[in-house]
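> Below you'll find the structure I mean.
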Amino acid sequence: MNLGKFITRISIALATTLASSVPLQASELGPEVVLKAVYEGLRQVDTTRANPRVRWNVANGTSSPCGRIGGSLYCTRNNTIYITTQHIRMAYKYGDAALAYILAHEYAHAAQTVGGFRPQNITKIELQADCLSGFYMGAMPNVTFDRQDIEEIAQIAYQVGDYEFNNRQHHGTPEQRAEAVLRGFAASQRNGITACRM
């Protein structure tokens, strides 16, 4: 499916109803500002009190208690989120809100772990983390996402999807990933976090 058609069909209508008329910023904010503001917002809405540490600008190949880092991740062994330099650069191809999504997605993994509600299947784990990230971002009291921000988030979620159904690490199709994060955003405004149950 064409990304443009998908965004038009699903996310634009949803983004229009979700987005506030007052954006956080008129221009792109730098990674440090985005990560600090979003992390604070995530901590305020996370009822599991996961409180993971965040390390950012981490090079791929860096050692961690969970092994060599090959991309942004949440490490259960030291309750730390690692945001890679590569993923920061990738996010800014879409915009600063895309970086908010990367952090919120990894934070959602921390909440899944600490809260004990992590599904057994890797695809369901990832799609639930996408949904939770949308819910958390939509519920944050200190950050407002406008229509463009929500489109950036849907676009990066779509781009990180895959069709590797036979791969044990299949994270969900592009359509599933974008739909999950947008479902979370909608749930933050309507029916609550239960929309993210898997």
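> Could you tell me whether the stretch 125-139 includes any residue that is over 21 Å from ILE193 (Cβ atoms) and either buried (at least 22 other Cβ atoms within 10 Å of the Cβ) or hydrophobic (A, V, I, L, M, F, W, C) (or both)? I'd like the intermediate steps shown before the answer.
If we filter the stretch 125-139 for residues that are over 21 Å from ILE193 (Cβ atoms), which is where we start, we get none.
No: the stretch 125-139 contains no residue that is over 21 Å from ILE193 (Cβ atoms) and either buried (at least 22 other Cβ atoms within 10 Å of the Cβ) or hydrophobic (A, V, I, L, M, F, W, C) (or both).
> Hey, can you tell me all the residues within the stretch 108-130 that are over 12 Å from ILE153 (Cβ atoms) and under 8 Å from the mean Cα position of the chain (by Cα)?
Within the stretch 108-130, ALA108, ALA129 qualify.
> Do we find that LYS36 is under 21 Å from GLN176 (Cβ atoms) and either open to solvent by less than 40 Å² (accessible area, probe 1.4 Å) or part of a helix (DSSP H, G or I) (or both) in this structure?
Spelling it out, it is not the case that LYS36 is under 21 Å from GLN176 (Cβ atoms) and either open to solvent by less than 40 Å² (accessible area, probe 1.4 Å) or part of a helix (DSSP H, G or I) (or both).
> Here's something else I'd like to know. I need the full set of residues from the stretch 148-161 which are surrounded by fewer than 18 Cβ atoms within 10 Å (Cβ to Cβ) and within 23 Å of SER72 (Cα to Cα), in order please.
Once the filter is applied, which keeps residues that are surrounded by fewer than 18 Cβ atoms within 10 Å (Cβ to Cβ) and within 23 Å of SER72 (Cα to Cα), the stretch 148-161 yields only GLN159.
> State which residue is nearest to LYS93 (Cα to Cα) when the search covers only the stretch 122-155 and only residues that are in a helix (DSSP H, G or I) and among the hydroxyl-bearing types (Ser, Thr, Tyr).
Checking each candidate, the answer is SER133.
> Okay, next question. When residues of the stretch 47-77 are filtered for being under 22 Å from GLN169 (Cα atoms), of a type outside the set (Gly, Ala, Ser) and assigned to a loop (DSSP other than H, G, I, E, B), how many remain?
Number of matching residues: 7.
> Can I ask one more? Collect the residues in the stretch 139-171 that are hydroxyl-bearing (Ser, Thr, Tyr) and within 16 Å of ALA104 (Cα to Cα), keeping them in residue-number order.
THR144, TYR158
> Further question on the same structure: With GLY172, GLY138, GLY184 as the choices, which residue is under 17 Å from PHE117 (Cβ atoms) and not charged (D, E, K, R)? Talk me through it step by step, then tell me what you get.
Numbers: GLY172 fails: under 17 Å from PHE117 (Cβ atoms); GLY138 fails: under 17 Å from PHE117 (Cβ atoms).
So the residue among GLY172, GLY138, GLY184 that is under 17 Å from PHE117 (Cβ atoms) and not charged (D, E, K, R) is GLY184.
> Give the stretch 162-198 a look and list any residue that's touching an Asp or Glu at 6+ places or on another chain (Cβ under 7 Å) and open to solvent by 20 Å² or more (accessible area, probe 1.4 Å), or say none.
The one that is touching an Asp or Glu at 6+ places or on another chain (Cβ under 7 Å) and open to solvent by 20 Å² or more (accessible area, probe 1.4 Å): HIS171.
> Right, next: Taking the conditions exactly as written (part of a strand (DSSP E or B), surrounded by 19 or more Cβ atoms within 10 Å (Cβ to Cβ) and in contact (Cβ under 8 Å) with a residue 12 or more places away in the chain), does ILE88 satisfy them or not?
no
> While we're on this one: When the stretch 65-85 is examined, which residues are found to be touching a Cys at 6+ places or on another chain (Cβ under 6 Å) and open to solvent by less than 10 Å² (accessible area, probe 1.4 Å)?
Within the stretch 65-85, CYS75 is the sole residue that qualifies.
> If you scan the stretch 93-121, which residues turn out to be open to solvent by 30 Å² or more (accessible area, probe 1.4 Å), under 26 Å from GLU164 (Cα atoms) and outside any helix (DSSP H, G or I)?
LYS93, TYR94, PHE117, ARG118, GLN120, ASN121
> While we're on this one: State the number of residues belonging to the stretch 120-158 that are polar (S, T, N, Q) and at pLDDT below 95. Break it down into steps so the answer makes sense when it comes.
Quick first cut of the stretch 120-158, residues polar (S, T, N, Q) only: 120-121, 123, 128, 133, 142, 144, 148, 155.
Now narrow it down to the ones that are at pLDDT below 95: 120-121, 142, 144, 148.
Going through the stretch 120-158 one residue at a time, the tally reaches 5.
The values are calculated or read from the model by the stated rules, or taken from the named source; none is laboratory data. Since we're looking at a predicted model, the values are computed, not measured. Every residue, glycine among them, receives a Cβ derived from its backbone with ideal geometry; neighbour counts consider all protein chains shown. Ligands, DNA and RNA are stripped out before the accessible areas are found, and what is left, the full protein with its side chains, is counted by its heavy atoms. Shrake-Rupley method; radii C 1.70, N 1.55, O 1.52, S 1.80 Å.
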